[in-house]
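Worksheet for the structure shown next.
Nothing in this text is a laboratory measurement; each read-out follows from the coordinates by a stated rule. It should be emphasised that the depicted structure is a prediction, and the values quoted were computed from it without experimental measurement. Note that we place each Cβ from the backbone using ideal geometry, even for glycine, and neighbour counts take in every protein chain shown.
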């Protein structure tokens, strides 16, 4: 196996570096090291383009001369990161996939403090969201409507889990994230200068009949329970999404997408 300049060649899945990256599958380890794993050259390149340094770039032997991979290698080394050239078997073991991506990046997590938030035009707050696929999809939609960021309230799933990162399709590196307790959020909400809207079965208006002058703060509740009483009370307006068939609710990521595109419709001419 011929390595790229300054890359380290690894052929054993028992190598300590590989075991360390494998360990990032655990939330505890991700939080301790403040790192996460992005699988695929596309995600790595989007991170680099968004100004995220790659701490460790892992790639399969034989792909280093491909233009985009070579670009990722140069950018990683220039920023002080490490490059590991490995076998397909090592990649499969590391990612727990039979047909792994040929490039994997280990990236630093980024969190924004609540007191650093600028109102902008549109923020989304998610209360105790549990499904990482839902969370990643919401991040992707937030990116699509150019939202300013997402606030995670309470015991939420980890946006930096592999499931969430994968579902975000690269948007994880473009959407600012904030993590707070319910009490911190409710105290901060008092300083919000614009309208606060939430979806609720008891909403008094069709979501299409409300004016969404920016800045808007949209609060969405848990997948099963919806908004808690405290979060519902924090909203200036509770709206509902009408159902025409037999279903009485939508998946959280779908409902959030419906709301986000309606809120952004006039601003983005959608």
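Given an 8 Å cut-off on Cα distances and at least 6 residues of separation, report the relative contact order of the range 114-268 as a percent.
28
If you find the alpha carbon centre of the range 23-63 and of the range 198-243, how far apart are they in angstrom?
The range 23-63 and the range 198-243 have Cα centres spaced 35 Å from each other.
Note the direction-averaged projected area, equal to a quarter of the hull surface, for the Cα convex hull of the range 40-158, in nm².
8.9
How high is the relative contact order of the chain? Use alpha-carbon pairs under 8 Å, at least six apart in sequence, and give a whole percent.
18
For the pair residue 205/residue 181, report the inter-label distance in nm, with labels modelled 7 Å from Cα in the Cβ direction.
3.3
Here are some values of volume of the Cα convex hull per residue in Å³: [x] 119; [y] 133; [z] 143. Which one was computed from this structure?
[z]
Please give the peptides 26-33, 90-97, 43-50 ranked by average Cβ packing (other Cβ atoms within 10 Å per residue), highest first, as a rough proxy for protection. All intermediate terms of the calculation are to be shown ahead of the outcome.
Values: 26-33: 13.0, 90-97: 18.1, 43-50: 20.2.
Packing proxy ranking, top to bottom: 43-50, 90-97, 26-33.
Mind ordering 56-67, 140-151 by average Cβ neighbours within 10 Å, highest first?
My ranking of the peptides, most packed first, is 140-151, 56-67.
Please give the length that would be gained between residue 31 and residue 99 if that part of the chain were fully extended, namely 0.36 nm times their separation in residues minus their C-alpha to C-alpha distance (nm, one decimal).
Details: separation 68, 0.36 × 68 = 24.48 nm, distance 2.73 nm.
Extending this stretch completely gives an extra 21.7 nm.
For residue 190 paired with residue 248, estimate the spin-label separation in nm (one decimal), with each label point 7 Å from Cα along the Cα-to-Cβ line.
Taking the simple label geometry, residue 190 and residue 248 are separated by 3.6 nm.
Once you keep just the Cα pairs under 8 angstrom separated by 6 or more residues, what percentage relative contact order results for the range 8-108?
Values: 160 pairs, mean separation 42.4, N = 101.
Across the range 8-108, relative contact order equals 42 percent.
How would 253, 12 line up from fewest to most surrounding beta-carbon atoms within 10 angstrom? If you can, show how the numbers build up before the last one.
On the way: 253 22, 12 13.
So the ranking, lowest neighbour count to highest, is 12, 253.
Using bins 5 angstrom wide from zero, how does P(r) for the range 8-108 break down, in % of all Cα pairs?
Reading the bins upward from 0: 2, 14, 27, 27, 21, 8, 1, 0.
Report the gain in length on full extension from residue 130 to residue 63: 0.36 nm times residue separation, minus Cα-Cα distance, nm rounded to one decimal.
Separation in residues times 0.36 nm, less the Cα-Cα distance, equals 20.4 nm.
Add -39500 (n - 2.57) for each DSSP H run of 4 or more in the chain, then divide by its residues: what number comes out at 222 nm, to the nearest 500 deg cm²/dmol?
Details: 10 runs with 94 residues, N = 270.
Mean residue ellipticity, 222 nm, calculated: -10000 deg cm²/dmol.
Given a Förster radius of 51 Å and the C-beta distance between residue 113 and residue 14 as r, what FRET efficiency does 1/(1 + (r/R0)^6) yield to the nearest 0.05?
It comes out at approximately 0.80.
How long are the semi-axes of the equivalent ellipsoid of the range 114-268, taking √(5λ) for every eigenvalue λ of the Cα gyration tensor, in whole Å from largest down?
Values for the range 114-268, descending: 20, 18, 16 Å.
What ranking, highest mean first, results for peptides 230-237, 152-159 when packing means the other Cβ atoms within 10 Å averaged over each residue?
Put in order of decreasing packing, that is 152-159, 230-237.
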